[in-house]
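A.B. asks: Structure incoming, see below.
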Amino acid sequence: RVDASEVNAGGAQATVADASTNAFGRPAPGLSFISKGLFENGNHLFRTPRGRERGTGPMLNAQSCQGCHVLDGKGNPPRSAQAPLAPDTDLVSMLLHLGLADTGQPDPVYGNQLQIRSMYGRPDDPDGQPRLHGSLNGGPALGEARVRIIYEPVNGSYPDGTTYELLQPVYRLSELSYGPMAENIRFSPRVAPGLYGNGLLGAIDAQAIQAGADPDDADGDGISGRANIVPDPVTGQDQLGRFGHKADSASVLSQSARAYRNDMGLTNRFQPEESCTPTQTACLAAAELEQPAAHEPEGVDIADLDLAQVEFYARTLAVPQRRGWDAANQRWSDDIQRGREQFFNIGCTGCHTPRWQTGTAAGSVLGDASLLTSLTQPAPAIAALSGQVIWPYTDMLTHDMGGSCTVERRTAAGDACTDDTAGCMIEQRCTGLADGVLEHQASGSEWRTAPLWGIGLVQTVNPAAGFLHDGRARTLEEAVLWHGESAQSEAAAATEQFKNLPARDRAAIMSFLESM
């Protein structure tokens, strides 16, 4: 039966009983009074937009962390809660990671992430407010491209005759500000993930995670999770990737530093270079307009003290308590109990490992920021995250979900074209859940197993949010079905078993997921 301790998914010190729109934004209850003050200061920095006068840009996707991580939860593709919006809607809390097919190397002109906004307007915009896109002829800095998503229906049915519809996204890039992209470009769409519980995941022993890897499927169960070993700018060494959709960041600190630079154009100790590539002369010219007086003492846009406070905030966000537990009778509701049993029976825990225990959650390498005015060394361990029994339902490994991608240049009418043709778009279509972008050891069809804690509150916090890496799934049921859309997916067998369950058992699995 369900372990009673699962109700406190983030352990005794880092779980909060909140199922409201603020469910993902609460501090770990086990924090000390002083640490809660540090949390609140980091919260302020996380939510407050920084303007051009403080180094933001030249190009960016958002002006604050909160601009992508909606109320500390998931971002969303440009659509309403249940239906696609008009095709002229821009990305808000979603980005495109770029990489060359077969190598994963950055595009030589646009780098490894597309920034669709600029802190400088077009030459004919006298107010100088941010614009979604620029032009090639005179603006000091330009958004890099316009992105559009078209959803095409994929219809299917269960063996019992019940029908369903999935939405397959097609991504189109146009109005490229700095000329053509590489012929073999691929782009990986990613909504901002939720941040709650990340400090707990970072405190799991790396060897314990890697012990679960089975890259060659030696046990023959069809599941071959792999550890993504990534270069870590914080330590200067290769480390186990834990965070990001492809486990491409080793720590909350390195993930935060990269997001500041790539998403907001804010340089920092670990990402000191502006996001402009050498060929983007307009971007480089705009970067020169940033006044030295606006920089922090370290000579970058974000000071170590601010970065340490935001890191602490992101690490100590609590996990919401599970619902459906009857404390008086010490039992879970029947549908949740039944759903959990089916979840285990059909093999979902082959990737979604239920239980972990954290080790010591070391303090920040930047130092202790609790004084709020300076950093001191060493930073103490975070007791609220240490030695906790947690229930995240993830193995922290990457798994092959199958599928492949193709990219074509075409006009809106569907005719073939080249990048120099007026109205030419770059269109990417993928099968399954593939994105075609390699990232370190993660292939173009591999993704990190997403933690399931809090998943039942995702659309309470952000009604427009979807599920999976690009938010394509409007419901949890759609997310489960997408796991088996490619026959090569490691989750295909479990998905097939899900489809063959009686409707009552399928609904029970949904109740179990919604209770998290």
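The values are calculated or read from the model by the stated rules, or taken from the named source; none is laboratory data. What you see is a predicted model; the values in this text were computed from it and never measured. Every residue, glycine as well, gets a Cβ built from its backbone with ideal geometry; the counts of neighbours run over all protein chains shown. To get the accessible areas, we keep the full protein, side chains included, count just its heavy atoms, and leave off ligands, DNA and RNA. Shrake-Rupley method; radii C 1.70, N 1.55, O 1.52, S 1.80 Å.
A.B. asks: What do you reckon, is Ala503 open to solvent by 10 Å² or more (accessible area, probe 1.4 Å) and within 24 Å of Arg355 (Cα to Cα)? Can you show your working first?
C.D. replies: Numbers: open to solvent by 10 Å² or more (accessible area, probe 1.4 Å): yes; within 24 Å of Arg355 (Cα to Cα): no.
Spelling it out, it is not the case that Ala503 is open to solvent by 10 Å² or more (accessible area, probe 1.4 Å) and within 24 Å of Arg355 (Cα to Cα).
A.B. asks: Looking at the range 281-303, which of its residues are under 27 Å from the mean Cα position of the chain (by Cα) and not hydrophobic (A, V, I, L, M, F, W, C)?
C.D. replies: Listed by number, the list holds a single entry, Asp301.
A.B. asks: For the range 173-198, give me the residue count where each residue is in a loop (DSSP other than H, G, I, E, B), surrounded by 21 or more Cβ atoms within 10 Å (Cβ to Cβ) and not aliphatic (A, V, I, L, M).
C.D. replies: Number satisfying all stated conditions: 4.
A.B. asks: Could you check, for the range 63-81, whether at least one of its residues is closer than 30 Å to Arg338 by Cα and not basic (Lys, Arg)?
C.D. replies: Residues of the range 63-81 that are closer than 30 Å to Arg338 by Cα, as a first pass: 73-74, 81.
Filter once more, so that each one left must be not basic (Lys, Arg): 73, 81.
Yes, the range 63-81 contains at least one residue that is closer than 30 Å to Arg338 by Cα and not basic (Lys, Arg).
A.B. asks: In the range 243-275, which residues are open to solvent by less than 20 Å² (accessible area, probe 1.4 Å) and assigned to a loop (DSSP other than H, G, I, E, B)?
C.D. replies: Gly244, Lys246, Ala247, Asp248, Ala250, Gly265, Leu266, Thr267, Ser275
A.B. asks: Of everything in the range 105-134 that's at pLDDT below 95 and assigned to a strand (DSSP E or B), which residue is most open to solvent (accessible area, probe 1.4 Å)?
C.D. replies: If we take residues in the range 105-134 being at pLDDT below 95 and assigned to a strand (DSSP E or B), then Arg131 is most open to solvent (accessible area, probe 1.4 Å).
A.B. asks: Are any residues in the range 468-516 assigned to a helix (DSSP H, G or I), aliphatic (A, V, I, L, M) and over 25 Å from the mean Cα position of the chain (by Cα), and if so, which ones? Write out each step before concluding.
C.D. replies: Here is the first cut: in the range 468-516, the ones assigned to a helix (DSSP H, G or I) are 476-482, 492-500, 503-514.
Then keep just the ones that are aliphatic (A, V, I, L, M); that gives 476, 479-481, 492-494, 503, 507-510, 513.
Listed by number, the residues that qualify are Ala493, Ala503, Ala507, Ala508.
A.B. asks: Taking the range 356-374 as the search range and keeping residues that are open to solvent by 90 Å² or more (accessible area, probe 1.4 Å) and assigned to a loop (DSSP other than H, G, I, E, B), which one is nearest to Ser35 (Cα to Cα)?
C.D. replies: Just the residues of the range 356-374 that are open to solvent by 90 Å² or more (accessible area, probe 1.4 Å), to begin with: 357, 360, 365, 371, 373.
Still in the running and assigned to a loop (DSSP other than H, G, I, E, B): 360, 365, 371, 373.
Values: Thr360: 17, Val365: 17, Leu371: 10, Thr373: 14 Å.
It comes out as Leu371.
A.B. asks: Further, regarding this structure: Would you check which residues across the range 457-498 are polar (S, T, N, Q), closer than 24 Å to Asp221 by Cβ and surrounded by fewer than 23 Cβ atoms within 10 Å (Cβ to Cβ) and list them? Show your work before the answer.
C.D. replies: Of all residues in the range 457-498, those polar (S, T, N, Q) come to 459-460, 462, 475, 486, 488-489, 495, 497.
Those left that are additionally closer than 24 Å to Asp221 by Cβ: 486, 488-489, 495, 497.
Ser486, Gln488, Thr495, Gln497, listed by residue number.
A.B. asks: I need the full set of residues from the range 282-311 which are surrounded by 13 or more Cβ atoms within 10 Å (Cβ to Cβ) and either part of a strand (DSSP E or B) or not aliphatic (A, V, I, L, M) (or both), in order please.
C.D. replies: Answer for the range 282-311, where residues must be surrounded by 13 or more Cβ atoms within 10 Å (Cβ to Cβ) and either part of a strand (DSSP E or B) or not aliphatic (A, V, I, L, M) (or both): Cys283, Glu290, His295, Glu296, Glu298, Asp301, Asp304, Asp306, Gln309, Glu311.
A.B. asks: Now for a different question. Against the definition (under 29 Å from Phe498 (Cβ atoms), among the aliphatic types (A, V, I, L, M), at pLDDT below 95 and open to solvent by less than 50 Å² (accessible area, probe 1.4 Å)), how does Ile149 come out, yes or no? So that I can check it myself, show each step before the final result.
C.D. replies: On the way: under 29 Å from Phe498 (Cβ atoms): yes; among the aliphatic types (A, V, I, L, M): yes; at pLDDT below 95: yes; open to solvent by less than 50 Å² (accessible area, probe 1.4 Å): yes.
Yes: the conditions hold for Ile149.
A.B. asks: Can you tell me which residue within the range 417-455, out of those that are modelled with pLDDT under 95 and more than 25 Å from Pro106 (Cβ to Cβ), is surrounded by the most Cβ atoms within 10 Å (Cβ to Cβ)?
C.D. replies: This residue is Gly423.
A.B. asks: Name the one entry in Gly456, Gly423, Gly484 that is small (Gly, Ala, Ser) and without any contact (Cβ under 8 Å) to a residue 24 or more places away in the chain.
C.D. replies: Going through Gly456, Gly423, Gly484 in turn, just one is small (Gly, Ala, Ser) and without any contact (Cβ under 8 Å) to a residue 24 or more places away in the chain: Gly484.
A.B. asks: Pull out all pairs, ordered by first then second residue, where Cβ-Cβ is under 7 Å, the residues are six or more apart or on different chains, the first lies in the range 358-387 and is without any contact (Cβ under 8 Å) to a residue 12 or more places away in the chain, and the second is surrounded by 14 or more Cβ atoms within 10 Å (Cβ to Cβ) and of a type in the set (Asp, Glu).
C.D. replies: Qualifying pairs under 7 Å: Thr376/Asp368.
A.B. asks: Now, a different point. Report yes if some residue within the range 267-275 is at pLDDT below 95 and of a type in the set (Gly, Ala, Ser); otherwise report no.
C.D. replies: yes
A.B. asks: Could you please give the count of residues in the range 312-324 that are open to solvent by 10 Å² or more (accessible area, probe 1.4 Å) and either under 10 Å from Leu38 (Cα atoms) or without any contact (Cβ under 8 Å) to a residue 40 or more places away in the chain (or both)?
C.D. replies: The number of residues fulfilling the criteria is 1.
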